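Novice: Pasting a structure below so you can have a look.
The values are calculated or read from the model by the stated rules, or taken from the named source; none is laboratory data. What you see is a predicted model; the values in this text were computed from it and never measured. Note: ideal-geometry Cβ built from the backbone for every residue, glycine included; neighbour counts use all protein chains shown. Note: areas computed on protein heavy atoms with side chains; ligands, DNA, RNA excluded. Shrake-Rupley method; radii C 1.70, N 1.55, O 1.52, S 1.80 Å.
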Protein chains: 2
Amino acid sequence: MNWYLQSSENSDVVKSTRIRFSRNINGFPFDLNKEESKRLENKIKDSLYEIGYNLKFFKLADMDEITKMSLVEKNLISPDFVLNKNETGSILINDEENICIMIGNVDHLEIQVFNCGLDLENTLNLAIEIDEKIGQILGYAMNKKYGYLTSYPNNAGTALRASVMVHMPALSRTKNTRKVLDAINSFGINIRGVYGENTESTGDMYQISNKQTLGISEKEIIENLQVIVEKIIKQEREARKLLAKDDVSFEDLIYRSYGILSYCKKISQEETRNLLSNIKLGTDLGILKELTDLKVQKLYLYTKPANLQKFLGNQYEPIERDIKRAEVIHQIMNEK
Amino acid sequence: MNWYLQSSENSDVVKSTRIRFSRNINGFPFDLNKEESKRLENKIKDSLYEIGYNLKFFKLADMDEITKMSLVEKNLISPDFVLNKNETGSILINDEENICIMIGNVDHLEIQVFNCGLDLENTLNLAIEIDEKIGQILGYAMNKKYGYLTSYPNNAGTALRASVMVHMPALSRTKNTRKVLDAINSFGINIRGVYGENTESTGDMYQISNKQTLGISEKEIIENLQVIVEKIIKQEREARKLLAKDDVSFEDLIYRSYGILSYCKKISQEETRNLLSNIKLGTDLGILKELTDLKVQKLYLYTKPANLQKFLGNQYEPIERDIKRAEVIHQIMNEK
């Protein structure tokens with residue numbers, strides 16, 4: 001089962017962990033023209049077997065729109081990558097989809113490793129292992145003083161971005177999100193919506209990541225982030241306890257969301273996200289017993305427009321999608 | 001089974017039919033003081049067996065609040081009667097509750113006969129039969145020129161009020177209610193909310209009744225009303241067809257209402273009425289197959305505050321009632 005359908009100990013608050021290394025290959029300029037892109041692409045394709053990890057190579061230009069968008073929805077690739085590098089960009093990805101390397105995005109390589117829940121250490125270790133192997137094979141652009149060199153100087157040094165996706169519905173319902181986010185910000189931590197910088201949070205989901213990459217070790221980066229995320233988990237869980245105290249109103253909110261999802265005949269993605277936020281909260285607190293964690297994860301994933309169409313193996317107009325979304329929701333809910 | 005839980009041919013639009021005769025007894029002033037009320041009460045109690053129809057006598061003052069309000073909610077007695085005549089008023093009622101006579105309200109007697117759906121003729125015939133029998137026994141105040149004499153001159157003559165409760169959800173959703181009601185008004189027909197004059201419509205339910213009582217026969221009154229109600233039925237059914245054309249949005253509305261009622265943990269009476277209006281529309285059109293007509297009727301009745309408490313055999317504070325209402329809804333929905 002793919003990591004994004006799995007759950008772990010902290011999955012009640014932390015949806016996923018991602019480690020990303022930005023790397024550039026020796027002998028190529030930071031900004032690749034079409035010809036240089038092709039040369040880099042070939043160099044990587046030639047090394048595919050040597051790199052291992054069952055990684056497969058795909059050119060963005062060869063993938064259909066729905067497949068590309070389904071990867072964006074899974075947070076495996078960034079929307080900007082598809083938008084700006086569709087002609088020259090490519091990816092390396094394995095079947096489990098826990099390793100996904102963007103080629104020719106902002107930097108030559110963006111090596112990403114994913115896991116469900118909060119698991120910074122193991123995710124970092126696998127990322128380091130892959131990173132070192134690729135470095136030996138392709139040769140990275142490095143500098144003794146600054147470490148890894150990157151297109152944007154503020155990514156240099158470790159060139160590591162560790163990020164964690166958190167679900168904070170109770171902090172939101174008790175109007176404490178802003179307070180918590182402001183506190184985090186002052187600790188040198190970024191908070192963003194689900195699809196990265198400048199995106200809005202939907203369904204109370206936030207991406208928390210380190211700001212600093214230079215003059216700090218990889219270990220320190222994840223230790224700092226770990227401390228902050230544990231604080232968020234604690235505060236979110238306390239807010240949930242508070243909410244759960246007003247037993248009936250809270251249960252009512254959760255079960256009405258469940259009732260609407262169970263019986264609607266059409267539903268937008270936005271409404272789905274908001275109702276799922278209540279439902280996940282309900283299952284996480286053991287109030288809503290009708291759904292398993294797996295079903296909730298599936299509901300999250302397969303109600304997103306591109307993954308919905310992937311799931312159904314067919315393409316639909318936006319208006320039809322709202323109807324199909326309701327059908328898929330019922331289908332997943334009723335799975336044995 | 002009581003008439004108000006039954007359904008008939010036209011129950012998709014017409015909830016119930018009521019015939020009411022206002023009568024005053026010879027030898028009593030229109031406005032009864034306490035002593036005269038007592039005397040009238042005794043006269044009626046003495047004739048109870050002779051009148052027949054298994055009618056039983058109850059003083060309002062002897063009934064508990066919940067029982068009285070449950071009768072108001074069933075439209076068997078008027079709210080003003082309970083409010084203004086609680087000390088002196090009384091009723092005659094049978095077990096089936098299709099005959100209910102208010103004693104000492106605006107007029108000495110208000111003889112009422114009820115039936116489900118649209119059934120003006122049979123309801124009138126039974127009312128006439130009861131009326132004639134009581135007239136023979138007690139002796140009515142009459143005038144050769146005007147017919148029956150009443151406290152309010154505008155009720156004189158036949159002193160007959162025929163009324164029909166209609167459910168017009170589709171006319172409401174297609175914004176045609178006002179147009180239809182205005183047209184009816186010009187035909188000498190009254191339109192009111194469920195609990196009579198000056199009350200608002202809730203859940204798209206309206207009471208349609210004759211204005212004129214003098215210089216017109218009983219037969220003419222019900223014939224006129226029948227024509228108007230048949231027009232309303234036709235227009236409401238046409239509006240439903242129109243709504244049902246936009247298949248999915250309409251189904252969605254109905255099934256979301258069903259989903260919320262199925263899973264809510266607390267719910268107000270007003271929200272219940274509005275959701276039930278959608279649900280009744282859904283079952284009437286054969287779209288919602290999950291509920292029988294009987295269950296819908298029960299849901300309407302037993303979610304009203306007093307009947308809710310009657311149903312549960314217990315008294316609850318308003319805030320608890322919203323929780324109990326949700327429980328009763330689930331209980332009725334899940335009845336075998």
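Novice: If I ask for residues that are modelled with pLDDT of 95 or more and of a type outside the set (A, V, I, L, M, F, W, C), which ones from the range B:90-107 would you list? It would help to see each step written out before you state the result.
Specialist: Just the residues of the range B:90-107 that are modelled with pLDDT of 95 or more, to begin with: B:90-103.
Residues satisfying the conditions are B:Ser90, B:Asn94, B:Asp95, B:Glu96, B:Glu97, B:Asn98.
Novice: Which members of the range A:309-329 meet the condition of being charged (D, E, K, R) and assigned to a loop (DSSP other than H, G, I, E, B)?
Specialist: Result: A:Glu317, single match.
Novice: Moving to a separate point now. Say we look at the range B:273-305 and pick out the residues that are without any contact (Cβ under 8 Å) to a residue 60 or more places away in the chain and small (Gly, Ala, Ser); which of these is nearest to the other protein chains (Cβ to nearest Cβ)?
Specialist: Within the range B:273-305, the match that is nearest to the other protein chains (Cβ to nearest Cβ) is B:Gly282.
Condition check ((1) within 19 Å of B:Tyr148 (Cβ to Cβ); (2) touching a Leu at 6+ places or on another chain (Cβ under 9 Å); (3) open to solvent by 10 Å² or more (accessible area, probe 1.4 Å); (4) not assigned by TED's automatic domain parsing to the domain that holds B:Met165) across all residues:
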residue: B:Pro79; (1), (2), (3), (4): no, no, yes, no
residue: B:Asn84; (1), (2), (3), (4): no, no, yes, no
residue: B:Glu97; (1), (2), (3), (4): no, yes, yes, no
residue: B:Val113; (1), (2), (3), (4): yes, yes, no, no
residue: B:Asp119; (1), (2), (3), (4): no, no, yes, no
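Novice: Identify, please: which residue in the range B:215-249 is β-branched (Val, Ile, Thr) and part of a helix (DSSP H, G or I) and is, among those, farthest from the other protein chains (Cβ to nearest Cβ)? Don't jump to the end; show me each part of the working.
Specialist: First, the residues of the range B:215-249 that are β-branched (Val, Ile, Thr): B:216, B:221-222, B:227-229, B:232-233, B:248.
Still in the list and also part of a helix (DSSP H, G or I): B:221-222, B:227-229, B:232-233, B:248.
Numbers: B:Ile221: 44, B:Ile222: 41, B:Val227: 38, B:Ile228: 35, B:Val229: 32, B:Ile232: 29, B:Ile233: 27, B:Val248: 5 Å.
Step by step, filter the range B:215-249, then rank; the result is B:Ile221.
Novice: Kindly indicate whether B:Arg321 is crowded, with 19+ Cβ neighbours inside 10 Å and within 14 Å of chain A (Cβ to nearest Cβ).
Specialist: Judged against the criteria, B:Arg321 is a match.
Let's see how each residue does on (1) in a helix (DSSP H, G or I); (2) under 14 Å from the mean Cα position of the chain (by Cα):
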residue: A:Ser16; (1), (2): no, yes
residue: A:Asp31; (1), (2): no, no
residue: A:Glu36; (1), (2): yes, no
residue: A:Phe58; (1), (2): no, no
residue: A:Asp80; (1), (2): yes, no
residue: A:Glu87; (1), (2): no, no
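Novice: In the set B:Lys59, B:Lys85, which member is of a type in the set (D, E, K, R) and farther than 24 Å from B:Ala156 by Cα? Walk me through it before giving the result.
Specialist: Working: B:Lys85 fails: farther than 24 Å from B:Ala156 by Cα.
Criteria check complete, one pass: B:Lys59.
Novice: Looking only at the range B:250-272, which residues are small (Gly, Ala, Ser) and at the interface with chain A (Cβ under 8 Å from one of its Cβ atoms)? Break it down stepwise before answering.
Specialist: Step one: list which residues in the range B:250-272 are small (Gly, Ala, Ser), which gives B:257, B:259, B:262, B:268.
Once the filter is applied, which keeps residues that are small (Gly, Ala, Ser) and at the interface with chain A (Cβ under 8 Å from one of its Cβ atoms), the range B:250-272 yields B:Gly259, B:Ser262.
Novice: Sticking with this one: Which count do you get for residues in the range B:126-159 that are farther than 12 Å from B:Ser22 by Cβ, hydrophobic (A, V, I, L, M, F, W, C) and open to solvent by less than 50 Å² (accessible area, probe 1.4 Å)?
Specialist: Pass one, the range B:126-159, residues farther than 12 Å from B:Ser22 by Cβ: B:126, B:128-130, B:132-139, B:142-146.
Add one more test, that the residue is hydrophobic (A, V, I, L, M, F, W, C), and what stays is B:126, B:128, B:130, B:134, B:137-138, B:142.
Next, only the ones that are open to solvent by less than 50 Å² (accessible area, probe 1.4 Å) stay: B:126, B:128, B:130, B:134, B:137-138.
Residues meeting the conditions: 6.
Novice: Just one of (1) in contact with a Lys or Arg (Cβ under 7 Å, 6 or more places away or on another chain); (2) not in a helix (DSSP H, G or I) trips up B:Ser7, so point out which.
Specialist: Result: B:Ser7 passes all but (1).
Novice: Now for a separate question. Between A:Leu181, A:Leu171, A:Leu118, which is part of a loop (DSSP other than H, G, I, E, B) and under 17 Å from A:Ile233 (Cα atoms)? Outline the logic, then answer.
Specialist: Numbers: A:Leu181 fails: part of a loop (DSSP other than H, G, I, E, B); A:Leu171 fails: part of a loop (DSSP other than H, G, I, E, B).
Answer to the selection: A:Leu118.
Novice: Count, please, the residues in the range B:267-293 that happen to be part of a loop (DSSP other than H, G, I, E, B) and either among the aliphatic types (A, V, I, L, M) or surrounded by 21 or more Cβ atoms within 10 Å (Cβ to Cβ) (or both). It would help to see each step written out before you state the result.
Specialist: Going residue by residue through the range B:267-293, those that are part of a loop (DSSP other than H, G, I, E, B) are B:267-268, B:285-292.
So of that shortlist, the ones also either among the aliphatic types (A, V, I, L, M) or surrounded by 21 or more Cβ atoms within 10 Å (Cβ to Cβ) (or both) come out as B:267, B:285, B:287-288, B:291.
Residues flagged as part of a loop (DSSP other than H, G, I, E, B) and either among the aliphatic types (A, V, I, L, M) or surrounded by 21 or more Cβ atoms within 10 Å (Cβ to Cβ) (or both) within the range B:267-293 amount to 5.
Novice: For the range A:88-118, which residues satisfy the criterion of being more than 22 Å from A:Pro153 (Cα to Cα) and without any contact (Cβ under 8 Å) to a residue 40 or more places away in the chain?
Specialist: Narrowing the range A:88-118 to residues more than 22 Å from A:Pro153 (Cα to Cα): A:88, A:90-100, A:113-118.
A:Ile91, A:Ile93, A:Cys100 - these are the residues of the range A:88-118 that are more than 22 Å from A:Pro153 (Cα to Cα) and without any contact (Cβ under 8 Å) to a residue 40 or more places away in the chain.
Novice: (1) over 27 Å from B:Ser163 (Cβ atoms); (2) in contact with a strand residue (DSSP E or B) (Cβ under 8 Å, 6 or more places away or on another chain); (3) not charged (D, E, K, R): which one isn't true of B:Asn75, the others all being true?
Specialist: (1)
Novice: Sticking with this structure for a sec: Out of all the residues in the range B:233-252, is one or more buried (at least 22 other Cβ atoms within 10 Å of the Cβ), free of Cβ contacts under 8 Å to residues at least 60 places away in the same chain, touching an Asp or Glu at 6+ places or on another chain (Cβ under 7 Å) and closer than 25 Å to B:Asn176 by Cβ?
Specialist: no
Novice: Do we have A:Leu71 as at pLDDT 95 or above and either aliphatic (A, V, I, L, M) or open to solvent by 40 Å² or more (accessible area, probe 1.4 Å) (or both) here? Give the steps one after another, and end with the answer.
Specialist: Details: at pLDDT 95 or above: yes; either aliphatic (A, V, I, L, M) or open to solvent by 40 Å² or more (accessible area, probe 1.4 Å) (or both): yes.
Considered against the rule, which asks whether it is at pLDDT 95 or above and either aliphatic (A, V, I, L, M) or open to solvent by 40 Å² or more (accessible area, probe 1.4 Å) (or both), A:Leu71 comes out as yes.
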